[in-house]
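To start, the structure under review is shown below, and the notes come after it.
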Amino acid sequence: MTIEELDRLLALEDGDAALVFLSNKRGREPIIGETRLLQARKKLGGAGLLPSSYAATPSYSQKEIADSKLTDPGFCTVVDETERLMGKALSPSDLQILMGIRKWHGLPGNVILLLLYHCEAEQKRRGRALTMRILDKEAHIWEKEGVFTMETAEQYIERKERSRNHTSRVFSALGIFDRVPSPTEKKFVASWLEMGFTVEAIAMAYDKTVVITGGLAWPYCDKILRRWHQNGWHTPGQIETYDKKPAAGKTEVTGSYDRNREALKRIMEEESGHDG
């Protein structure tokens, strides 16, 4: 072991990774659970401490897949349910993806079923069909987010649902009803919600942007919200209390801004009443 390898290994701060690395150096297979082994190998691969062959999703033989269907009831159920939802028999490449999600990503059968139902519901909402590519992509996200149990999966899906509802309300507040927002617009809104802004606070930034620029100028609105974020103002109450400085050269529109803000607040209150 070189000093550089030792430094990279210590930087991981992971006991399983250290065990797997040392076992690999000695040509031995560590005595460790499969899921923990895979996670450790991925960390080591990302740090350049294992051969690249370990970092890539392995290829499984048809015999391995067939044996798993016989010996792993959870995997067999996943295969059957995937075929039912897709309305077709899975191809060898499809089965490779499912096997990778089960063995390489380390998701248990019941968690894969939640993943499957979540992806199928998302695609239905978008008017699209579920594909194995979408399922595999979402599995990568779940692994990265540490979603390996029923509890963490349910929490993850609940967070996604809340985020979708908030995002929809934001676009409504921004006057976007009759078209699909662009990817850039979605990124702006996602970043504002991640900063901790309420829908009403974003609506206030939108109102200020329209009064000053004459329209929805996304970069300008983003600049307002980032300034508020830096000051720790994320709710209408905080903004109204602390953001009292008028924009330079724009004092003549203050009255118009106040009137428009009050009108927008009434609209938001009405919408909240309907939501309740």
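Taking (1) assigned to a loop (DSSP other than H, G, I, E, B); (2) open to solvent by 10 Å² or more (accessible area, probe 1.4 Å); (3) in contact (Cβ under 8 Å) with a residue 60 or more places away in the chain in turn, LYS103 satisfies each apart from (1). Taken over region 137-154, the criterion of being crowded, with 17+ Cβ neighbours inside 10 Å and at pLDDT 85 or above is satisfied by GLU138, ALA139, TRP142, VAL147, PHE148, ALA153. Residues in region 75-94 that are open to solvent by 30 Å² or more (accessible area, probe 1.4 Å) and in a helix (DSSP H, G or I): CYS76, THR77, ASP80, GLU81, GLU83, ARG84, LEU85, MET86, PRO92, SER93. Scan region 126-175 for residues that are under 22 Å from VAL199 (Cβ atoms), among the aliphatic types (A, V, I, L, M) and assigned to a helix (DSSP H, G or I) and the total you get is 3. Considering only residues in region 168-195 that are without any contact (Cβ under 8 Å) to a residue 24 or more places away in the chain and surrounded by 15 or more Cβ atoms within 10 Å (Cβ to Cβ), the one that is nearest to GLN230 (Cα to Cα) turns out to be VAL189. If the condition is being closer than 30 Å to TRP218 by Cβ, among the charged types (D, E, K, R) and in contact with a Lys or Arg (Cβ under 9 Å, 6 or more places away or on another chain), then region 132-176 contributes only ARG164. Please work out if GLN62 is polar (S, T, N, Q), open to solvent by less than 40 Å² (accessible area, probe 1.4 Å) and out of contact with any Pro (no Cβ under 6 Å at 6 or more places or on another chain). For GLN62, the condition - polar (S, T, N, Q), open to solvent by less than 40 Å² (accessible area, probe 1.4 Å) and out of contact with any Pro (no Cβ under 6 Å at 6 or more places or on another chain) - is not met. Of the residues making up region 1-50, those that are among the aliphatic types (A, V, I, L, M), open to solvent by less than 40 Å² (accessible area, probe 1.4 Å), within 19 Å of GLY146 (Cβ to Cβ) and in a helix (DSSP H, G or I) are ALA17, VAL20, LEU37, LEU38, ALA40, LEU44.
The values are calculated or read from the model by the stated rules, or taken from the named source; none is laboratory data. Here the structure is a predicted model, which is why all the values come from computation and not from measurement. Heads up, the Cβs are rebuilt from the backbone with ideal geometry, glycines too, and the neighbour counts pull from every protein chain shown. Please note that ligands, DNA and RNA were not included when accessible areas were found on the heavy atoms of the full protein model with its side chains. Shrake-Rupley method; radii C 1.70, N 1.55, O 1.52, S 1.80 Å.
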